[in-house]
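Scroll down for the structure; my scribbles are underneath it.
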Amino acid sequence: MSDPLTIAVPRGALFGGTLDLLDGLGIDTTEVRSNDRKLLFADVGIVTMRPSDVPTYVEHGSADIGITGKDVLLEQSSRKVYELLDLGYGRCEMVVAAPDRGDPIADALRRLGRVRIATKYPRVAAEHFAETGRQAEIVEVKGSVELAPLTGLVDGIVDLTASGKTLAENNLRVMEQIATSTARLIANPVAHKLKAEQIDSILERLRA
Amino acid sequence: VTEQHRSVAGKPATSRTAIPPGTRDVLPEEMRELRAIGDRMRACFERAGYGEVHTPALEYEDVLRRGEERAAGARYRTFDESGAVLALRSDMTIPIARVVATRYADAEPPLRFSYLARAWRATDRGVGEPREFLQGGLELIGVPGAEGEAEVVAIAIAALDEAGLRRHRVGVGDGALYRSLLSSFGVPEEAHVPMLESLSRRDLVGLEGQVDALGLAKAERDLLVGLPQLRGGREVLDRGETAGLDGLRALHDLLADRGFADRVIFDLGLVRELGYYTGSVFEVYDPAVGFTLGGGGRYDELIGRFGRDLPACGLALDVQRVHLAQAAEEALG
């Protein structure tokens, strides 16, 4: 029962903040910081991966706990993981944005009865437009979402923005806020019970 | 294959050789092992006095709905010659409740039944998750309170011992606890459902926000936020400091008498998705795998909906998941 915890750590925007957090817990992250090709650091119980894979590993139990953005959890809301704590860092907004000339989204809805939206978050986008009573065609893209409205592929986008800089540089304007995202600590449901002491000890120190 | 038969992934949704996602063929080597696990569980149930029953895979959807509004998730439907809607059962608890009320309408309780049977549930994601699964389980009818629950939990633990598991544990909670706390703090009914949804997903961040929005006194607020994080041994039942834990305390003592106290984890935030549970709820874990092996609980109102008012509780194990856990335990050595 006293097996050490395996922690899923997101590479990318949350990586630095997460490693600082783990340092604060007394976990040695020196090797993780210095080696960006290696993925599994068994000595310190860390596995690194892209943020959107964290719920997958934690749901399966390959990692006991993990850190990822609320944006990822919203998009993958059917994953069976427990959300234990808002870690506060990595703050950004999930927004609807459109080209900064008039209101292309309202125009499309008025004239065509539907709006086309590009996003990496098809589930969040579809739910947001359904909840607000607007018909939307969701176009899933993998790369830079900002390109889609500039080329006429779509009328607007749903994406994550921290500073709004990338949006502004591409002449896009925030039209609506959908949600605020920060880093969250998640846990595997079985580990949450069977490794309760280790998980609670981390939670206590994070809350302090 | 014509264009309209293609699924989103670009692969043929149906072809002459495909089987639906979430279903599988079982070949002899795996079948032998699954059969061995099922046989050992069945023998354990029989020895404890739980006679095996079998009920139709297809039931009238109305009948399943009588047991639970959403028919416990039975979502595969078809029609018979007269246009009646039939559904593939999604568990064995509702059919057995029907059997008890109709075929044992005058029998002296307690009644004990077991089953090893397939059930079907739709999946939200469609990838990997099974739509068809084999359950081994038991139902104890007519024994109220902790006494009935201790018997069911103890037999489930013993059945898994016999199936070859060594490290399995049972999580025990009270599915009605949080709701009754909310009521006792005067939280309006309309706020209950979203909070219970957060609890059932263990979205503790969301739940904390919902609790804070209620503007309760600090002690009440702390209890509602802290309760879902209380889990562990007997000590948890003292730390909860809430009324309504007497049932779980009694259950602990009865399981301790049977020598199973260390196999049980009390979890005050545990709730189960199915709507027919009225009290204690159970989940079965093994440290070798990250998913639950099964679950159950007390359902004192279900059989009454079919016409005979009897308290009952039960527990079902997913045979394939037990097999996966057994293989994972072996791999860990």
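The values are calculated or read from the model by the stated rules, or taken from the named source; none is laboratory data. Every value quoted in this text rests on a predicted model; they were computed, and no experiment measured them. Cβ sites come from the backbone with ideal geometry, for glycine too, and all protein chains shown count toward neighbours.
Observations on the structure shown:
- Set A:THR119, A:THR68: member being modelled with pLDDT of 95 or more and under 27 Å from A:PRO189 (Cβ atoms): A:THR68
- In region B:289-333, the residue that is nearest to B:GLU69 (Cα to Cα) out of those that are in contact with a Lys or Arg (Cβ under 7 Å, 6 or more places away or on another chain) and among the hydrophobic types (A, V, I, L, M, F, W, C) is B:PHE306.
This table checks each residue for (1) at pLDDT below 95; (2) in a helix (DSSP H, G or I); (3) within 30 Å of B:GLY148 (Cβ to Cβ); (4) among the aromatic types (Phe, Trp, Tyr).
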{"site": "B:ARG16", "(1), (2), (3), (4)": "yes, no, no, no"}
{"site": "B:GLU59", "(1), (2), (3), (4)": "no, no, yes, no"}
{"site": "B:GLU69", "(1), (2), (3), (4)": "yes, no, yes, no"}
{"site": "B:PRO95", "(1), (2), (3), (4)": "no, yes, yes, no"}
{"site": "B:VAL100", "(1), (2), (3), (4)": "no, yes, yes, no"}
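- Residues of region B:274-305 that turn out to be surrounded by 21 or more Cβ atoms within 10 Å (Cβ to Cβ), aromatic (Phe, Trp, Tyr) and either over 13 Å from the mean Cα position of the chain (by Cα) or within 14 Å of chain A (Cβ to nearest Cβ) (or both), as a count: 2
- Cβ-Cβ under 6 Å pairs, at least 6 apart or on other chains, region B:197-218 side more than 9 Å from chain A (Cβ to nearest Cβ), far side of a type in the set (D, E, K, R): B:VAL211/B:ARG221
- Selection status of B:ALA154, more than 14 Å from chain A (Cβ to nearest Cβ) and in contact with a strand residue (DSSP E or B) (Cβ under 8 Å, 6 or more places away or on another chain): no
- Residues of region A:64-108 that turn out to be part of a helix (DSSP H, G or I), out of contact with any helix residue (DSSP H, G or I) (no Cβ under 7 Å at 6 or more places or on another chain) and of a type outside the set (D, E, K, R), as a count: 4
- If only residues of region A:56-102 that are among the acidic types (Asp, Glu) and surrounded by 16 or more Cβ atoms within 10 Å (Cβ to Cβ) are counted, the one that is farthest from the other protein chains (Cβ to nearest Cβ) is A:GLU93.
- Residues of region A:138-167 satisfying the condition of being surrounded by fewer than 15 Cβ atoms within 10 Å (Cβ to Cβ), at negative phi and not β-branched (Val, Ile, Thr): A:GLU140, A:LYS142, A:GLY143, A:SER144, A:LEU147, A:LEU150, A:LEU153, A:ALA162, A:SER163, A:LYS165
- Hey, A:THR48 more than 14 Å from every other protein chain (Cβ to nearest Cβ), polar (S, T, N, Q), buried (at least 20 other Cβ atoms within 10 Å of the Cβ) and in a strand (DSSP E or B) or not: yes
- Test: B:ALA146 is surrounded by fewer than 24 Cβ atoms within 10 Å (Cβ to Cβ) and either out of contact with any His (no Cβ under 6 Å at 6 or more places or on another chain) or part of a helix (DSSP H, G or I) (or both): yes
- For region A:144-170, filtering for residues that are under 13 Å from A:ALA125 (Cβ atoms) and free of Cβ contacts under 8 Å to residues at least 40 places away in the same chain leaves 3.
- Matching option when the condition is under 22 Å from A:GLY69 (Cβ atoms), within 14 Å of chain B (Cβ to nearest Cβ), buried (at least 20 other Cβ atoms within 10 Å of the Cβ) and out of contact with any Lys or Arg (no Cβ under 9 Å at 6 or more places or on another chain), among A:LEU185, A:LEU206, A:LEU172: A:LEU185
- All conditions in (1) surrounded by 15 or more Cβ atoms within 10 Å (Cβ to Cβ); (2) assigned to a helix (DSSP H, G or I) hold for A:LEU5, with the sole exception of (2).
- Here region A:28-40 is the region considered, the condition is being surrounded by fewer than 19 Cβ atoms within 10 Å (Cβ to Cβ) and of a type in the set (A, V, I, L, M, F, W, C), and the residue that is farthest from the other protein chains (Cβ to nearest Cβ) is A:LEU39.
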